[in-house]
Structure formats: C-alpha cells, structure tokens
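Report on the following structure.
The values are calculated or read from the model by the stated rules, or taken from the named source; none is laboratory data. Quick caveat, the model's predicted, so the values are computed rather than measured. Glycine gets a Cβ as well: all are built from the backbone with ideal geometry, and neighbour counts include every protein chain shown. All accessible areas refer to the heavy atoms of the entire protein, side chains included, with ligands and DNA or RNA removed. Shrake-Rupley method; radii C 1.70, N 1.55, O 1.52, S 1.80 Å.
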Protein chains: 4
Amino acid sequence: MTRGGLVGVSGYAGMELARLLSRHPSIKLTKAYSRVEAGKTLGDLYPFLRNLPGSETKISLFDAKECARDCDLIFLAVPAGEARKMVPELLAENLQVIDFSADYRLRDPGIYRQWYKLPCENDNALRDAVYGLPELYAAKIAKARLVANPGCYPTASILGARAALKNGIIDTDSIVIDAKSGASGAGRKPSLETLFCEVSANFRPYGVPGHRHTPEIEQEFSLIAGKEIRLSFVPHLVPMKRGILCSIYAPLTHPYTIEDIYEKFVETWKYYPWIRIKRPGELPDTANTRGSMYCDIGFAIDDRTNRLIIFSAIDNLCRGAAGQALACANLMRGLPVETGMVDLCPMP
Amino acid sequence: MTRGGLVGVSGYAGMELARLLSRHPSIKLTKAYSRVEAGKTLGDLYPFLRNLPGSETKISLFDAKECARDCDLIFLAVPAGEARKMVPELLAENLQVIDFSADYRLRDPGIYRQWYKLPCENDNALRDAVYGLPELYAAKIAKARLVANPGCYPTASILGARAALKNGIIDTDSIVIDAKSGASGAGRKPSLETLFCEVSANFRPYGVPGHRHTPEIEQEFSLIAGKEIRLSFVPHLVPMKRGILCSIYAPLTHPYTIEDIYEKFVETWKYYPWIRIKRPGELPDTANTRGSMYCDIGFAIDDRTNRLIIFSAIDNLCRGAAGQALACANLMRGLPVETGMVDLCPMP
Amino acid sequence: MTRGGLVGVSGYAGMELARLLSRHPSIKLTKAYSRVEAGKTLGDLYPFLRNLPGSETKISLFDAKECARDCDLIFLAVPAGEARKMVPELLAENLQVIDFSADYRLRDPGIYRQWYKLPCENDNALRDAVYGLPELYAAKIAKARLVANPGCYPTASILGARAALKNGIIDTDSIVIDAKSGASGAGRKPSLETLFCEVSANFRPYGVPGHRHTPEIEQEFSLIAGKEIRLSFVPHLVPMKRGILCSIYAPLTHPYTIEDIYEKFVETWKYYPWIRIKRPGELPDTANTRGSMYCDIGFAIDDRTNRLIIFSAIDNLCRGAAGQALACANLMRGLPVETGMVDLCPMP
Amino acid sequence: MTRGGLVGVSGYAGMELARLLSRHPSIKLTKAYSRVEAGKTLGDLYPFLRNLPGSETKISLFDAKECARDCDLIFLAVPAGEARKMVPELLAENLQVIDFSADYRLRDPGIYRQWYKLPCENDNALRDAVYGLPELYAAKIAKARLVANPGCYPTASILGARAALKNGIIDTDSIVIDAKSGASGAGRKPSLETLFCEVSANFRPYGVPGHRHTPEIEQEFSLIAGKEIRLSFVPHLVPMKRGILCSIYAPLTHPYTIEDIYEKFVETWKYYPWIRIKRPGELPDTANTRGSMYCDIGFAIDDRTNRLIIFSAIDNLCRGAAGQALACANLMRGLPVETGMVDLCPMP
C-alpha cells in the first residue's frame, strides 16, 4: 500500500484527486495539506467523500519532514513558483514527487522565465523531471522521482494532434488551436470572473495572446514532429464545470481522404485504451468523457481549403490534472498505469 | 455471473443502468432492447461507454422467449401501463423482474387506477411484487421475483422522512413536500418543455396538484407511521441534469432540540452506509450525491413555528432509478446489496 | 430631469439600476459611487452599457455634500447597517433617499436588532420611512423622503399571498413559504459559495432556519391580514442568475373552488398591470418575468388536503430590487409609477 | 403605423420578433401565423408577452390574400425551401418581404443548389433581393421589396472581419472561423440533440465540415475584400440559450501594431453605434450583448505567429435574426434604422 500526500487539497485538482483515491486499491491519501482548511477532515471539506475511504483524513499544515515520514509519494497542487521552492527538499527526503504546476514542464529554463516571469534556479531537479503524459513517456515516468504533470490544455492538444504530427499529415507552420474549457480550470479561489453570475449563460475568450500553456504545447508538438513548431493557442471559457475541447486547425500536407486519416489515428493509438478515435462522421463532446481518463478524438477534412480539423475532448480535472497524476503515480509505484481507474466510466 | 437484460435502454434510467453495469463485477448486460435504437451497439448509442464492458452489446427488438433464454434477470424501463402487459409473461418464463415503472408500486389497485387512469388487471403479480427500497425491504427483495423499483421523488421523500415518521417526531396531519428535480427526471424523449432553451436559466413548478408520485409517497409514509397519511406533494423543475432535493415540512409533536432530532436520525440509519445524516447546521445539496447511491439528509427546527424541516438529496438517475434497481438486483441474486457500488463516489 | 445618484454601483442591484436608468426618459444617473471601482466609467465597469446613456458617468468616492449638490435623489445599495449610518445626513441635505438595504424596512426596532444583530439608533428617519412596494403604498411613497426598498423574497411573497390574505381565503396559522432564487441574490462579491463551479448543476437550501427576510414578510403579511402572523420561510439556491419563485402553502379556510380563487385574485389585482394572474391550470415560471417588473402569480388547490398552493415569480434584480426602487423614484418625483418601464418586456 | 405580419411565430426568431415589436412605436404585429399554434393568442404562446402590446393577437393559419389585405410588410420565419415557394406570391400582392431563411441570401443560384440541395427556380425575386445587413446595405435595403435577412453566424463573422478585410490587414488565403453558438440557434422544434440534458454541461462541435453558413460568409467576405475568398468555418454548441462568439484567425499582411489595428477598426465603424470596438487588452463576451443589436468586436495580435485574432460577439436571436430583420423593416418603411431599438440595452 502506497502512502500518498497531497499539498493543496483545497483546489479542484485536489478535490478530484481525493475522489479518485477514495476508490484506489493500493494508493491511499494518508496526508492532506492546506493552509486555509487545516483542522478539517477531508469529509468536512468535501461532503461528497463522507463514508468513503479517506473521508476521515485530517487536513494539516504542510511540514516536509513529517511528510517524508508519513508518505511515499507526494502530489503538489500548488501555484507555479511554489513548487520550485518545495521540490528540492522533498526529493532530498526521498519522496517521489508529482507536481501539478508548470514549474518542471518546460525543458528550457529561459522559456519558463519568459512566460512565467518567475525565477528559475538552475536546480538539478529540472534535469531529472519527466513530463507526465503516460501515453508518451510511460517508461520514463516509471523511473522518475519527479514528474511534471501536464497542463490541461496541453494534454488535450498533444493527444489530439499527435497522430497527425507523427505521421507528417499536417503542415506544422500554420497550426491554430482554438480551445474551450469549463470553469473549474480557473480554480477554486473566489474571484469575480468565476462567479456563477459572470460565467453562466456567457461565452468568452481569455488570456490572449500569450496563454502560458502555449510553450508547453509547442515543446511537445516540436518533439513529436521532430522540428520547431510555433502555433496560435487561444482559450475560451464555457459555462460548464468540467471539460475541455480543443479544435485544432492545420493544412494537410497531401490530399488525404478521411479514411486515410482515420486509419492513421487508429493505428497510432491502438495500444492505448484511454484514447478513443471517433469514426468518420462522428464528433466528440466533453460530456462523454466527464470524470474519466478518456480522450475522445474526432476530425474532419475541409477539402475546400485542404485543412484538417481535429477535435479532442477530455475532462480537465481528471485526465487533465488529478487522473493523469494518478496514472503517473501508478507507474512510479510499479503498478499498471490504469490501476484504480480501469472501471472509471464517464458520467454524462 | 448474472445475465441481465434491459428493456428501454434509450431513456436516461437505461443509460444510467448501462453505466453502472459497465463496472459491475457479477451482473452483465447481455441484452439491451429498444424499438428506436435497435441495430446499434450500446457504445453507438452512448459514446461514453466505448472501450468499457458492455459497449459492444447489440441493441435489439424485445422478444420475451429469447430474453428468457439469454437472461436471468430483466430490468424494465418502460412507461407505466406497458410493464403490466409484459410482466406476467416474463415471470412465467422464470425471469426475475425489476420494473422501473409505477405499475407494481401501489398496493391498492383502486388507487393505481385512480391516479394512472390505466386498467389494472387483477393479476397475481401485484400480490407478489416487493417495493424495491433496499433500506426498508431488503429481506423481501432478496426473495422477490418481481420488484417495483421506487419512483425518484418517493425515494428521496421516504428516506428523508423515515426517521421522523418512525419516531413519532412529526405531526402527520400536516406534511408538505416541496420537491425539486433536475431535467433528466422528465425523460429522454424530445419535447418542447425539456429543450435546453426552455429549461436553462428558468425555474418552475409542474404537475400540480396531483403528481402521480403522491400516492406512492403516502403509501410508504403510512406504512412507516402506522396510520393513514395524506400530504401535499409539489414538484419543481431545476435547470440541472441530475439531482433531487426534497424539502419536507411538518409540525413537531414535541419541542425537540436539534440535538434530539440529530440523535434519532443517526440512530435510525446507523447500519445504512448510503444514508448520510448532516450534522446540525449543515445542509445537503444535490451535487454531493451526484452519480451515487447516497441520500444526504439534513434538517432544521423552525422553533418560532415549531416546525421540522427536513432536506433530503439524491441523484435521481442513480439512487432514484438505476442504482436502486441494481441494489435490488444484487439482493435478488444473493449478492451483498452494495456489490458494484461500494466505491461509487459522488462526482460534484 | 431628475438627477439620481447611486451608492454601491458595483453590486448586481446597482448594475440593474444602471441598466434601467440608461433608458429612462426623466431620471438620469448623474453620480455613481463605489469604493472599489472609483475612477472607472460605468461603461468600463459594465461593458453592456457602452454607447448608451450613462456609460460615460465617472464612478467616484462617495461624498455626502457633493452628492447633495449634484443629485436630487439617491439610491443606496449598501449593506444592512451601512445605510443607517448614511441616511440621516442625506436627509438633512434634503436628498430623497431610496435604501435597498433592510435598515428601514422593519417598523419595530426591536425586531430589527434581533434579526440583524445591529444597533438601531432611535433616529427619526425610521418613523418617516415608507415600505416601497408600489402596489401597496403608492400614495405614501409619493410623499416619502425615505423609502425602504423591499427585499426580493418579501416582494415575491407579499405580492403572491396578498389576495389570499386580504380575502381571508387562507388559514394564517400554518403558512409555509418555500422560496427559490437565482445566484445574483447572493451578490457580486466573490465567495466560494457563489462560484460557478459550486452553483452550477447543483441545488441547495441555505440560511435555515432564520433567514432575515422572515420578519419582513411577517410584518407585511400581518398588516394585510390584520392579525399577527408567524410563518416558516425557507430559501434555496437555483443554478440560474436571475429569478425568484416562491411556493406558498396554506390551508384553505373554506372549500373554495379554483374558479373562486381565480376570481378573487383577478379582482384584487385588476388595476395593477404588473401583476399577472395565471389562469387555472397555468403555472408561472421565472423566465417569463426576466428583466421586467412583472410578478406572475399562479395557484392550485390540493383538495385532498384542503390546501392552497400559490406560486409567485419575479426577477429578483429588477422587480425585487432596482426596478422596484425606480418605480418608487418615479412616484417620489411625481411621475407615473411605470415611467421608463412601461415597455420593459421580459426576455425569456 | 405599419402593419406587420409574421409567418412562423412558433420558433425562437419569431418569439424574439414578437418581443421586439411589443415595444416598437410604429410597426405593429397585426398578423401572426403558425400551423401548430393557430387558435392561440401570442400571449398564450409566450406568457412573457401578456399585458404588453400584441399579446392579444390571434395566431392563425397563413393565407396570402388575407395577409396582403391586413399587412404592409411580412416577416417569413420559415425553413429554407419554404420561403422560395411563398415569396413570389407575396411580392405579387405588393407586400414588402423580409425572409429569415437562406433562400435569397446567396447571389449565385448554383451555390444555393449545391449547399442546400434544394431546387432554385430562376425566379426574378432573387435578382431584386437585398442582403439585409444594415451596416453594409442600408441604402439598398431602404428601396428593397425583398430582403434576405442574414444568418446568425454570417452576421457575427462579417461584422467582425469587415474592418480587417476592407483595409487589407489580413491574408485572405488562410482564414479560419471557429464559431460558438447558444442552443437557440438550433430552433424550438423538439429534438434529442437540443434537450436540456444533452446540451447542459457539455460542449461540442457540429455540422463539420460544410455548415451551410459557409458560402454566405464567403460571399460577403469576397465582396468586401474584392476577391474570391475560401475559408474554414466550424460551429460549436455552447450550453447557453442566446449568443454567438466567432473567433476569426488570419495571418497579418504586415507587422501591424495593436494600436494600428484598433485605429482601423474604430475608423471603419465610427458611424455605426451598434458596433462597439473593444480597446486593446479588452475582449468581448456574449452576455454583454444579450438581447440587443450590439456587435462587440475585440482582437489580439499573436506576434509570435504574425496572426490577427478577431473576436466578435452578438445575440443570435436579436442581432442575428429578429432584431436585424426589424432594422431592415425600419429602413424599408422609411424609418430610422434604430427605431424601436435605440434604447435596447443588453441584459447580462
């Protein structure tokens, strides 16, 4: 039985991780940390958890030494910049670490500094950090001591585009990602912008230009395609709680048929049960992935403009955050990647 | 392994049952029937199911003989009136039957005729039917060949009021149940009233006076209290998909304190893990029960009017329909009631 | 042309007043005050206002002297307790005042102290304050210097119940008001409870027992019925922005028919175009009143329990706050009560 | 006073037109036609209209002769293909006609046939039809006997892109329009896809590739740019009732600064009060245009990819359908274009 700790239990990613761990057979949440919620139990904070395993866990103030004694692996759900301050000590304490923030996702410290406007001490941790997308890096994750859990938009974008990038199907010079997310992506901290009355019955873009997930997407796209890629990434806020759908536009390199594309997508993902390729004519939506690890991918060819349009849908809290972290945790603990999530059926 | 059949897979209760059975260890959905969707697979109809057990099950036209050959137990998710036509033959074929409709819920055929305006042949089935509320009738359900799965509003009302009725806490002459439900309770059949544009950003009462769940609630309330009860039941439509919250008003028989009430509620339900009693000062909501079997019950005393107000919240599709049916199926098959649902964590 | 001022422009009631005044022919918003938003224009704060009258109005810090110089009438959209501190000076400056808070609604200072836990200096203002429900107090409002704008729940409750109370149709000893409101009633100040992710797809009671609108409802009910009334009032939060629906339960004093009731309701309200009585068999909803001054009232008789159930629906921001205040302002300025709102069509 | 008729009152565009005409000073809805709703009054069909002008109008079966006698101008809210059958007779009866369908929007009958798979009799009406976008064609509309009311997506797209197209700011070879609409765009006819339970808490693309608004957008883009334009247009469904937001992507022709662009947008639209250009750094949303004629336009430069991203937001029912038709009607009747809508404040 793995003893897991969670720093930052009061956010939605923390909430989702508590949900997933309540049903995990071999990783338990033994410690949950939060400055604001210390003193409560997990069940006090999240009434949905009551009567379920983990509900009685006391939330406490973080203490690295104590954490090292009581945990084997620690999930960090803290803001960018905070993780960098905590990780070296946690690694020194021999904890395995999964960081939800962006602090260790970007291989190039200069790009991190440029986009996050934060110092980026040249620590050794970055060198060893593994980008925690299990479909791409399972072997490395299994050996990692520090995993940088991918961002929600990058997860949907990378899984959506990978088959096209890898197979040279699209012209990588002119990629546009028009992304849409539910409001839980904005966090559980009260703000005017995320009030019910501001989000409901409304639709709007935000964070343009220059959303911080851009360089993360570009990094992984470039690695898959084997060349430097620059693209436009534009997020929008949808009046729903969970879910991301990315619409990815790119010119085709050849006049492929829809069947050609379908075949290549299916072939690329055939060993990955969490990736579901929609048949030609079908399109994904977010509801059919809700609460699960699935990434549903559909596409269409606009033959009048010779453009491929890929749609990829995920649950931003599960696949795009806590579930993905748990998949990484499984690998790091020598468990099958899908442990505790094999029967995680979406709830539309 | 129990082979389960489902007639009426195209409604939301059918959808929910398919979701729950995709993760059940010992009951499988071997046959799914639907007039409109015949020919598709379950995964075609419900894309969220793809890659999960049951997804490949072909939907076909119902045939009682074939059903009897391929199934041990059959779930009927058909309209009131239809079940009565089908049940005798299914029982004759030695199938165990769980009926989602109201056809076998009311013990008194006269009351059924009066409220449902349907013929009520004096068949033997009614005599043997058991009301499928596991907390109240587990032993009988375990031996039943025909279970009448409770209505969604009655489930929330009966579980909510039981501790008060049983302990003589409330005056049973003046009970008001103001109930609120998400739109899935209205079914998956297209209608103007349930269009997104008619339901969203709107709130309204419906079906007053005389909603058909009234006699069902009165029957069970009367049985618990040991005397005839008449009450007012008024449902409302909430702009959300899943969830029911019932607000139950009744005068207190004595000047109880809030602690008295809490103690009696806890005592009444102490062996039932799906019933969660909120502590004094806490109130339930629907989101914390979503997708689960939990019934969350809170209450307050309005001491200025000496009235007890009970709030009970459930997921109308899971606890109020498919999940409850599955709990009954577990019992009928000799399994622990919570089989396949012990780790069904709500997803807020 | 009347020069109007508004203290507390940054809340939803302030927003709604700015919307309504943008189209008013003879009252203009010349001053808008807010601590947090000072320096912006109204159009900066509320982009929907841009290009409309009032959009260029600069938001500034409140100053009573300056306000007295630049305004004829002032709307106070400040928290309970704050208004009491400001009103005496404003009246001394010869301003007409409409207070959105509860500070001057309750005739009995002891009840105010008991429910609001605030000091209630024995100022003269209370003696002169008029409860600003135009259908009931138009003549007094027209002469008032201080109007206490009714609460949103009391508005819906009083208008809904008045015909029944006035005509002795219901037993006043056993009234239950089960009320439901959209989230804008909770204000525009960021809080966890009003985040989109906490409110959407959820339904819950709150503030029970003892919501502060209770004594206000009881006061006006008692005045209409001519006797002391105590009742149970329970509010719930609906996942929508605007709208209140109150379900009012009370025993009938006689076995009235539905036509009797309809006739009395129509008769009571025949000179009041903002009150729309639903025909027997019809029920109101919130969407059909959205953004307007209408109060839609429907009812049903539960003859099995001899209970009358009244449903009244309003827009909480317009009829329940800013629109009602504007109707009072019209009267105070010698204008027809409906000035600027005669063509205010609901937008479902 | 102009006597207006409306064929197809039972759809959402018809509903919105009834709302707008209830407050119009010089066009009245004298006749409303609907096959399904004949016999009811407008107030029966749309309770929000009760007590307002037009509420008592009887809905009847359409009859061209009678219509010609009782109306000066007729609004056709009927499906594509139906209008073509009706228009010649209506014109022959000397009625002015505003057609909400696509039947007369496309100048080239071949393109109409190709996209709509409908016959396109070579009637003279098409030659005389004017595309009813008042900002572009006011003079022609004023003289037209037949106006083709623009589609909702084309309205948002054309208004959004016009300043960029007209000023040669963008490369017209590589335009992508990623569009998002509320559910009212799908109509008021019951269907599974538009049920509350299917749309709420969900986001999905639809109608790709080849949504029928594509050629309409291309036609007007080409006319503005003075050259043939082909583009990708992809619509998505947002869980809200009203509103469209289009995100338009195109490469810049030169390294413009954000201030350059802002200046050109402001200059282009300076005489058009319904077009509101967001300042650099501000972005539009749909809520701030709700229920109004405003088109809010914002933009950003992605200088890493040298791409301009334009966001344009409208209310699909008002600006995208009924309000725009009414603006055309105003022009056709010799009234100022904004008659009856000058004080139409958005309601967020």
* Tilt relative to chain D, helix D:134-143 - C-alpha long axis, 0 to 90 degrees, to 10 -> 40
* To do: Could you please report the charge total around C:A32, scoring K, R as +1 and D, E as -1 over all other residues with beta-carbon less than 10 angstrom from its beta-carbon?
  => +2
* Structure fact -> For region C:153-315, whose charge dipole is built from +1 on Lys and Arg Cβ atoms and -1 on Asp and Glu Cβ atoms, the candidate among C:S191, C:T268, C:A179 with its Cα farthest towards the positive end is C:S191
* Antiparallel DSSP bridges in the protein assembly as shown: what percent, to the nearest 5? -> 45
* To do: Considering the convex hull of the alpha carbon atoms of region B:138-249, report its projected area averaged over all viewing directions, in nm², one decimal.
  => 8.3
* If you build a Gaussian network model of chain B, linking Cα atoms that sit under 10 Å apart, which residue out of B:L91, B:L49, B:L118 swings the most? -> B:L118
* To do: Pop out the ³J(HN,Hα) list for region B:5-16 in order, Karplus 6.51 cos²θ - 1.76 cosθ + 1.60 with θ = phi - 60°, rounded to Hz; leave Gly and Pro as x.
  => x, 9, 9, x, 6, 8, x, 5, 5, x, 4, 5
* Which loop trypsin sites (Lys or Arg not before Pro) in region D:256-306, with loop taken from DSSP, have no more than 15 other Cβ atoms within 10 angstrom of their Cβ? -> D:K270, D:R304
* Asked: Roughly how many whole Å is it from the C-alpha centroid of region A:289-315 to that of region B:285-348?
  -> 36
* To do: Using a Förster distance of 30 angstrom, determine the FRET efficiency expected from the C-beta separation of A:R69 and A:L192, and round it to 0.05.
  => 0.10
* Which aspartates and glutamates does D:K189 reach when only Cα atoms under 17 Å apart count, and residues fewer than 8 places away in its own chain are ignored? -> B:E193, B:E198, D:E16, D:E37, D:E82, D:E198
* Structure fact -> Expected output for region C:302-348, residues with a loss of 40 Å² or more in accessible area relative to the chain alone at probe 1.4 Å, reads C:R304, C:R307, C:F311, C:D343, C:C345, C:M347, C:P348
* **aspartates and glutamates whose Cα lies under 14 Å from that of D:K31, excluding same-chain neighbours fewer than 8 positions away** => D:E56, D:D63, D:E66, D:D70, D:D72
* Asked: In nanometres, what is the gap between the two model label sites at B:V266 and A:D108, each 7 Å from Cα along Cα-to-Cβ?
  -> 6.1
* To do: Quick one: dipole size for the protein assembly as shown, taken about the Cα centre, charges +1 on Lys/Arg Cβ and -1 on Asp/Glu Cβ, in debye to the nearest 20.
  => 0
* Of C:K28/C:K85; C:K65/C:K117; B:K117/B:K241; D:K58/D:K85; A:K180/D:K241, those spanning more than 20 Å from alpha-carbon to alpha-carbon -> C:K28/C:K85; C:K65/C:K117; B:K117/B:K241; D:K58/D:K85
* To do: Work out the mean other chain Cβ neighbour count within 10 Å for the residues of C:44-54 and drop it here as an integer.
  => 6
* To do: Over both sides of the B-A contact, add up the buried accessible area with a 1.4 Å probe and give it to the nearest 100 Å².
  => 2600
* Among the DSSP beta bridges whose two residues both lie in chain C, what percent are antiparallel, rounded to the nearest 5? -> 45
* Structure fact -> With a Förster distance of 30 angstrom and the Cβ-Cβ distance between A:A139 and A:D343, calculated FRET efficiency to the nearest 0.05 equals 0.75
* Asked: Going 7 Å from the Cα of D:D303 toward and past its Cβ, which residues in region A:207-241 have a backbone nitrogen under 15 Å from where you end up?
  -> A:209-211
* Hey, in the GNM for chain A with a 10 angstrom Cα cutoff, which one of A:P255, A:P280, A:P190 fluctuates hardest? -> A:P190
* Which of C:I314, C:I170, C:I229 sits closest to the plus end of the dipole of region C:153-315, meaning its Cα is farthest towards the positive end, when Lys and Arg get +1 and Asp and Glu get -1 on the C-beta? -> C:I314
* To do: Could you list the residues of region B:1-43 with an amide nitrogen less than 20 Å from a label point located 7 Å from the Cα of B:D128 in the Cα-to-C-beta direction?
  => B:3-7
* Residues with amide H under 5 Å of D:K241's amide H, sequence separation 5 or more or different chain, H placed in the peptide plane at 1.01 Å from N; which? -> D:A183
* Put a label point 7 Å from Cα along the Cβ direction on A:D173, then list its distances to the equivalent points in the other copies in nm, shortest first. => 1.0, 8.8, 8.8
* Using a probe of 1.4 angstrom, how much of the accessible area of the protein assembly as shown is carbon and sulfur, in percent? -> 51
* Structure fact -> Dividing the alpha-carbon radius of gyration of region B:2-128 by 2.2 N^0.38 Å, where N counts its residues, gives 1.09
* Given +1 on the Cβ of Lys and Arg, -1 on the Cβ of Asp and Glu, and no further charges, what dipole in debye does chain B carry about its Cα centre, rounded to the nearest 20? -> 580
* **From phi via Karplus (6.51, -1.76, 1.60), per-residue ³J(HN,Hα) for region A:209-221 in Hz, x at Gly/Pro** => x, x, 5, 5, 6, 4, x, 5, 5, 4, 4, 6, 4
* Per residue, what accessible area does region A:153-315 have, given a 1.4 Å probe and all protein chains present, in Å²? -> 30
* Structure fact -> In whole Hz, the Karplus estimates of ³J(HN,Hα) for region A:284-297 (6.51, -1.76, 1.60; θ = phi - 60°; x where Gly or Pro) are x, 9, 7, 4, 6, 10, 4, x, 10, 8, 5, 10, 9, 10
* Structure fact -> Given backbone amide H placed at 1.01 Å from N, residues whose amide H is under 5 Å from that of B:V147, ignoring those fewer than 5 places away on the same chain, are B:V97, B:I98, B:D99, B:V130
* Span from the region C:177-245 Cα centroid across to the region C:1-41 one, whole angstrom -> 25
* Run through the other copies and list how far each one's label point is from that of B:R3, in nm with one decimal, shortest first; the point sits 7 Å from Cα along Cα-Cβ. => 5.0, 7.2, 8.7
* Asked: Where a ≥ b ≥ c are the square roots of the eigenvalues of the C-alpha gyration tensor, would you call the protein assembly as shown rounded, which needs a/c under 1.5, or, failing that, prolate if a/b is larger than b/c, or oblate?
  -> rounded
* Asked: What residues have an amide H closer than 5 Å to that of B:L195, excluding those fewer than 5 places away on the same chain, when H is modeled at 1.01 Å from N in the peptide plane?
  -> D:F196
* Asked: Under the Kirkwood approximation for Rh and a Cα-based Rg, what ratio Rg/Rh is obtained for region D:153-315?
  -> 0.98
* To do: Shortest first and in nm with one decimal, please list how far the D:S222 label point sits from its counterparts in the other copies (point 7 Å along Cα→Cβ).
  => 4.0, 7.5, 7.6
* Percent antiparallel among DSSP beta bridges with both residues in region D:153-315, to the nearest 5? -> 70
* To do: Over the alpha-carbon set of chain A, work out the extent along each principal axis and list the three values in angstrom, largest first.
  => 61, 43, 39
* Asked: With charges set only on the Cβ (+1 for Lys and Arg, -1 for Asp and Glu), what does the dipole of region D:114-270 come to about its Cα centre, in debye to the nearest 20?
  -> 560
* To do: Please state, rounded to one decimal and in Å, the Kirkwood hydrodynamic radius that region C:250-348 gives when every pair of distinct Cα atoms enters the mean of 1/r.
  => 14.7
* Just give the residues from region A:190-209 buried by at least 40 square angstrom of accessible area in the all-chains context relative to the isolated chain, probe 1.4 Å, and say none if nothing qualifies. => A:P190, A:L192, A:L195, A:F196, A:C197, A:A201, A:N202, A:F203, A:P205, A:V208, A:P209
